[in-house]
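Here's the structure we're looking at; comments come further down.
The values are calculated or read from the model by the stated rules, or taken from the named source; none is laboratory data. Worth saying up front: this structure is predicted, and the values here are computed from it rather than measured. Here Cβ is always computed from backbone atoms with ideal geometry, including for glycine, and neighbour counts include all displayed protein chains.
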Amino acid sequence: MTDYIAKQVFLSTEDAERLFSVSKALASEIRIEILKLLNTDSLNVNEIAEKLGIPTSTAAVNVKFLEDAGLILTELQPGVRGSMKLCSRKIDLINIELSPQNNAAVVNSFYINMPIGSYIDCKVSPTCGIMSEKACIDVEDNPRSFYNPERINAQLIWFYKGYVEYRFPNSILQHGRANLLELSLELCSEAPNYRNNWPSDITLWINDIEIGTWTCPGDFGGRRGRLNPQWWPDASTQYGMLKTWRINSEGSSIDELPLSGIRLEDLSLNSRDYISVRIGVREDAANVGGINIFGDKFGDHAQNIVMRIDYSNNFE
C-alpha cells in the first residue's frame, strides 16, 4: 500500500476572506482539541462534548466554526432521538503563503512510498521469486507465485525477464502543475546465486512511455547486504544500487546523466487517475540479465520505491 496522502488546503493573503475564516476557526483551544479528537475517528457532537467535558451547546457552536471554515465535514445521520451530526476531519495540512511575489508559482515536493509488493500487474519468467522479511512467499521459479496475495509483504523480488507494474496516485496534481518527477529504488541484475559481473538492461516506462534503459553491471554478492535478515544465505543476492530516474521539461536522466529526450509533458500525468510505472527487462534487450528489486528491509538502502513530484501551486 502507498503511504497516506495528506488532504491539503492552500491559503494566501490574496484570498483574505478565506484566510481569515480559517485563522479564526483555529484561534480557539476547544476547536484545536476537537480537531485532535477527529485525528483517528468520526464523532457526533454529543461524543465530542463528553470527551472534552463541555456542554453539548458549546461543542455544537465550535463544530459550526470548523465546518464553516472548511476544516471538518459534517453529515446528518439517524440517532436515538432524531438525527445527529457526525463530524470528521476534512483537512490534514494547511499551507499559507504570506508574501506572494508577482503571482510566481510556489514549488512544493510530494513523496510517495510504494512497497515493492504493491504491483498491480506483472509478466515474469524464471528464475523468479518473492521473499518477505521472514521467508519465501509461495514457491520459487514459478510465475504463478507473483499473484499470491501475500506478495504485499515482499522485501525482495526477482525475475529473469518481463516486468512489474505499479500505480502511483496523482491526486496531488489537482493542486498544481508538475515540474519534476523522480523515481528511486534499489535494484540489480539477477543470476543464479549471484554474479558480480552479469550485465542486465533494465528499462523504466511511465504511463506506457519508455523513459530509458540502464545497464546494471551485475547481481551483487560477496558481502552481506546491510539490511538483510540473518537467515538470508550468504551465497544469494545481497544488495543492489540505488538508482534515480528524473524527468523534467528538458528530458530524462538517471543519476544526473542524460538518458533520453522524453520530457515531463510527454507523460500526460493527469490523463489517468494514476501514474503507471513499469520496471523490467525487455525480451529483445541486448543484455537479458534479469532484475532484483529491494524493499526497505533488504539490501543496503532502507527504502522502497519512492516517487517524488515537484509541483507549482498554479497551472500557468
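Is it the case that PRO199 is in the same structural domain as ILE305 (by TED's automatic domain parsing) and within 25 Å of MET131 (Cβ to Cβ)?
yes
State all residues of the stretch 171-192 that are more than 18 Å from ILE293 (Cβ to Cβ), surrounded by fewer than 22 Cβ atoms within 10 Å (Cβ to Cβ) and in contact (Cβ under 8 Å) with a residue 24 or more places away in the chain; if no residue qualifies, say none.
Passing the criteria: SER171, ILE172, LEU173, HIS175, GLY176, ARG177, ASN179, LEU180.
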GLY251 fails exactly one of (1) crowded, with 16+ Cβ neighbours inside 10 Å; (2) touching a residue at least 24 places away in the same chain (Cβ under 8 Å), namely (2)
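Restricting to the stretch 232-248, and then to whatever is aliphatic (A, V, I, L, M) and surrounded by fewer than 17 Cβ atoms within 10 Å (Cβ to Cβ), can you tell me which residue is nearest to HIS301 (Cα to Cα)? Full working, then the answer.
As a first pass, look at the stretch 232-248 and keep what is aliphatic (A, V, I, L, M): 235, 241-242, 247.
Filter once more, so that each one left must be surrounded by fewer than 17 Cβ atoms within 10 Å (Cβ to Cβ): 235, 242.
On the way: ALA235: 20, LEU242: 7 Å.
For the stretch 232-248, the residue satisfying everything is LEU242.
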Is it true that GLU210 is touching a Lys or Arg at 6+ places or on another chain (Cβ under 6 Å), in the same structural domain as ILE254 (by TED's automatic domain parsing), part of a strand (DSSP E or B) and among the charged types (D, E, K, R)?
no
Spot the failing condition for GLU17; the list is (1) under 26 Å from ASN108 (Cα atoms); (2) in a helix (DSSP H, G or I); (3) modelled with pLDDT of 85 or more, and only one is missed.
(3)
For VAL306, only one of the following conditions fails: (1) in a loop (DSSP other than H, G, I, E, B); (2) under 27 Å from SER132 (Cβ atoms). What is its number?
(1)
Could you list, in sequence order, all residues of the stretch 22-60 that are part of a helix (DSSP H, G or I), in contact (Cβ under 8 Å) with a residue 40 or more places away in the chain and exposed (fewer than 14 other Cβ atoms within 10 Å of the Cβ)?
LYS24
